[in-house]
Each structure stands twice: as structure tokens, then as C-alpha cells.
1. Being part of a strand (DSSP E or B), surrounded by fewer than 21 Cβ atoms within 10 Å (Cβ to Cβ), more than 14 Å from chain B (Cβ to nearest Cβ) and out of contact with any Phe, Trp or Tyr (no Cβ under 9 Å at 6 or more places or on another chain) is true for just one of A:GLU59, A:GLU64. Which residue is that?
2. Can we say B:GLU24 is at the interface with chain A (Cβ under 10 Å from one of its Cβ atoms), farther than 15 Å from B:MET115 by Cα and either without any contact (Cβ under 8 Å) to a residue 12 or more places away in the chain or more than 14 Å from the chain's Cα centre (by Cα) (or both)?
3. Quick test for you: out of A:ARG95, A:ARG109, A:ARG89, pick the one residue that is facing chain B (nearest Cβ under 9 Å) and either in contact with a Leu (Cβ under 7 Å, 6 or more places away or on another chain) or among the basic types (Lys, Arg) (or both).
4. Just to check your reading of the model, which residue among A:ALA117, A:ALA46, A:ALA76, A:ALA97 is crowded, with 21+ Cβ neighbours inside 10 Å and farther than 27 Å from A:GLY178 by Cβ?
5. Whether any residue in the range B:66-82 is within 11 Å of chain A (Cβ to nearest Cβ), within 16 Å of the chain's Cα centre (by Cα) and within 25 Å of B:THR144 (Cα to Cα) is what I want to check.
6. Pull up the range B:137-152, narrow it to residues that are touching a residue at least 40 places away in the same chain (Cβ under 8 Å) and surrounded by fewer than 22 Cβ atoms within 10 Å (Cβ to Cβ), then point me to the one that is nearest to the other protein chains (Cβ to nearest Cβ).
7. Mind checking which residues of the range A:70-114 are among the hydroxyl-bearing types (Ser, Thr, Tyr) and at positive phi?
Amino acid sequence: MIPAAFDYVRASSLAQAIDLLRDDPDGTKLLAGGHTLLPALKLRLASPELLVDISGIAELKGIEISETGIRIGALATHAELFASEPLYRELPVFRQAASLIADPQVRNRGTIGGSLANADPAADWPAVAVALQAEIEIVGPNGLRRVATRDFFIDIFSTVLEPDEILASVHIPRPRTGMHFIYRKIRHPASGFAVVGIAVGVRLQEGAVDEISIGVTGAANHAFAGQRASDFLIGKTLSQDNIEQAAQLLSETTECLSDRYASAEYRANLIRIETRRALFALAS
Amino acid sequence: MPEPDNRHVVTLEINGTRKTVAVEARKLLVHLIREDLGLTGTHVGCDTSQCGACTVEIDGLAIKSCTVLAVMADGASITTIEGLTDIGAELSPVQAAFHEHHALQCGFCTPGMVMSVRQLLRDQPNPSEHDIRHGLAGNICRCTGYHNIVRAIESLASKGDQP
């Protein structure tokens, strides 16, 4: 399969990429890992005039951990997020979630920024980013802005990114001591995407839930936060009964997607089951 | 619509040799490798980044060359199956293990499989059977049922050889 003809520029800086994007926002696409864009171009689902290759822009790279938080450049690949020892020591969920994405070759190219900006309803990082209460840093002609991940997604393949803006980095607050995260997914056997994916972070104090955060992907038009289930569990123990009730609440939070592979009822049930499993794992 | 003859000059190192080629922006790396450079050991299977038959190494990382633009490889160092050993010379360790353990039948997936195994063994010199099967998730074989491929890789575990 051959894409329709386009022109190509390798941007050397963020400023250059923004200039190129501003010239023709609708006819221009950003290229990083290319593992969503190139298949779409091959199928001619998209026919941009110009691809701006941002994969070499230094300002979009790196994983940095400071006292205040963690910054992950948009170009960090799934393989880099898997391999980073400092990140693993801080948040092992990155390695765990990365290992569940696609396959080794795809992980060597695909990026976290691409995964978030593309907003595939079944992508894995959106759930993890929501649970981590990450903020997404966006750069555009008017400068920088930050958006909470839970407010970033609007609809299927749709985010708050304007056509002339670039997702630059992901910022995660340092987790408090005792906060543990887990990501679980039911993997589509062919595509590897999440039929349902649940990211949960819990901090227990004297047996009771002191802090909790839940992100869900695969189930609805876009990733979302499981706020009602979180609110329910605050101050409670992770007893079997409480876990069952929280999982049930979360499965009733949203109208689930329905497709040839999984009905809405089936997805709602998977939310319940995966939430149970995640919470039981975090309780022990 | 840009003119199809709008060409970009790509200079890359392929199997240790420097090459310069002019390509259309839309040309895929696998087509540069096969058609412009004549290295047909890298195969096009599914053309949708599922099967792994087109796996090559860019700067030491195994990637699917059907899902990378040739222009993106400008300045990169690429290794294909042809780069592992000279024709008629002794097989590389992974190739020899595949031969020894009958890890191929039709052979179509084998070049991509071998390129993936090299990375797998670099990342995990002593992989378990689970590690091997997980590490080969990006390569599909329709003949062997994978069993002999796993045996071939197990035979290489912790030998200390360069894959």
C-alpha cells in the first residue's frame, strides 16, 4: 500500500515545527513514530500535503525526574518508557504498561505523545496518564499551556489540541510515599489494543484508602477518570465487599462502546472484572 | 497535491556501506531497501506492521520497515539480514541456531524473525520460554508453530556470543 504523495520536512526545532504547522494547519500532519499516521496514510484515510517530521526535535525528548515532578517528552518511545530505570524506581507502572503495548518493534518507534494526541479510544497510555493525574503540556503559536489529562480527550480521536498546536510533554506529580499504581488490560487478540484497560493508583493508610485514582480506556469514546468509584472508596478498607461495590459503580459510570468485537454490556462487565482484579492486587 | 517527483536525498549506512539515494517522500523504508538497494532478504508480508517479516535494525533497534518512511532513515545506520554474514561464509549465531533446530519451513518470516531475535537476546541474554514468546510477539510464522523457533533461541541463551 502506497500513501498519496506528500511533501516532507524534518523540523530541527519546536519553533520551526510550529511555524510550518501554522502555515497550513489543515494540510499538515506531524510525524513522530509514525505508527498510527503511516498506516492511515497507506489506507488513504488521510492525505496531508505536508508531513513535518518532529522526531529529531531535542526539546520533545527526555525523561526527567525532579523534586517536584516527572517530565516525559512527547517523543519518549514505549521502549524507552519500559527501559528507563529512574522512571521504573519512581513509577513501575510505566514498565508494566509499556510491556502490554503492541510488540517490541512497534514499541521501538511508537511514542507516548503520539498515543495521547491521537486519542485512540483503545490506546493504553490515556488510562495510565489519567490515573497518574498527569498534565499535558501543549505548545502553540501563543506559547505554552497545560491541560489535565482527564480534560484533554474530547471524543474518539479528538482532543483539545488545536490544529496549530503540538503536544510537547507529559508532567506527572511525584507520587506520595505508599502510592502504588497498576495497569490491567484485556487485550484485543488481533490488534493488541485494549478492549478495556484500567489503571488504578491507591495509597493505604492504616488499612483505609487515603488516596485513589482510576483511569479507564477502551470502554468509551475516550479515556476517563473513575471518579465515582474513587470517591466511594476514600476512607474505606479494600475489603472484598467494598471492592465489589466500587467495581460495580465504575462499570455503571459510562455508556460503553459497542462494536463487532465487544458489546457495550460485555465491555461494562470487563470494567467490573478488571477493576476488581486491579484493586485486589493493590490490596495485597 | 505535491508533485510525485518531489525527491529527497537520503544518505544512510546499510550493512556498513554508505549509500545515497533520491526518493519520494512517501517511499517506505522497506521499498528503499528492496527496490533501490536490491536487498530482497527483507520481506513485505502484511504491510500493516503486524507480521514482522520486514524487520530490520535502525541504529541497533529492531523496527518494522514497512511503517517507516525512507526519508526518516536519512543519517541512520541500518542492518538487514544480508548484513549478518557474507554469502558462503559461516552463518551468524542466530542463523546457525535456526538451521540447527529446524526453526523454519518456508522461510518467508525468517529474516524478520532473526532480526527480532538479535534484539531479544541483547535485551535478555538468558530469556525464559515466556520471555522468548513475548519477545517474538511482533513476528508471525505460519509454518513452524513457533516451537522450533523457541528451541533455537533457547539454545543461544547465555552462550555469551554476540547475536
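1. Numbers: A:GLU59 fails: part of a strand (DSSP E or B).
None of the other options fit; the residue is A:GLU64.
2. Numbers: at the interface with chain A (Cβ under 10 Å from one of its Cβ atoms): yes; farther than 15 Å from B:MET115 by Cα: yes; either without any contact (Cβ under 8 Å) to a residue 12 or more places away in the chain or more than 14 Å from the chain's Cα centre (by Cα) (or both): yes.
Here the answer is yes, as B:GLU24 does meet what is asked.
3. None of the other options fit; the residue is A:ARG109.
4. On the way: A:ALA46 fails: crowded, with 21+ Cβ neighbours inside 10 Å; A:ALA76 fails: farther than 27 Å from A:GLY178 by Cβ; A:ALA97 fails: farther than 27 Å from A:GLY178 by Cβ.
The conditions single out A:ALA117.
5. Yes, the range B:66-82 contains a residue that is within 11 Å of chain A (Cβ to nearest Cβ), within 16 Å of the chain's Cα centre (by Cα) and within 25 Å of B:THR144 (Cα to Cα).
6. Step one: filter the range B:137-152 for residues touching a residue at least 40 places away in the same chain (Cβ under 8 Å), giving B:138-140, B:144, B:148-149, B:151-152.
If we keep only those that are surrounded by fewer than 22 Cβ atoms within 10 Å (Cβ to Cβ) too, we end up with B:140, B:144, B:148, B:151.
Numbers: B:ILE140: 10, B:THR144: 18, B:ASN148: 20, B:ARG151: 20 Å.
Ranking the qualifying residues of the range B:137-152, first place goes to B:ILE140.
7. If we filter the range A:70-114 for residues that are among the hydroxyl-bearing types (Ser, Thr, Tyr), which is where we start, we get A:77, A:84, A:88, A:99, A:111.
Of everything in the range A:70-114, nothing turns out to be among the hydroxyl-bearing types (Ser, Thr, Tyr) and at positive phi.
Yes/no per residue for (1) under 15 Å from the mean Cα position of the chain (by Cα); (2) without any contact (Cβ under 8 Å) to a residue 40 or more places away in the chain; (3) surrounded by 17 or more Cβ atoms within 10 Å (Cβ to Cβ); (4) closer than 23 Å to B:HIS147 by Cα:
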residue	(1), (2), (3), (4)
B:ASN6	no, yes, no, no
B:CYS51	yes, no, yes, yes
B:ASP86	no, yes, no, no
B:GLU100	no, no, no, yes
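The values are calculated or read from the model by the stated rules, or taken from the named source; none is laboratory data. Just so you know, these numbers come straight off a predicted model, no measurement behind them. All Cβ positions, even for glycine, are placed from backbone atoms using ideal geometry, and neighbour counts span all protein chains on display.
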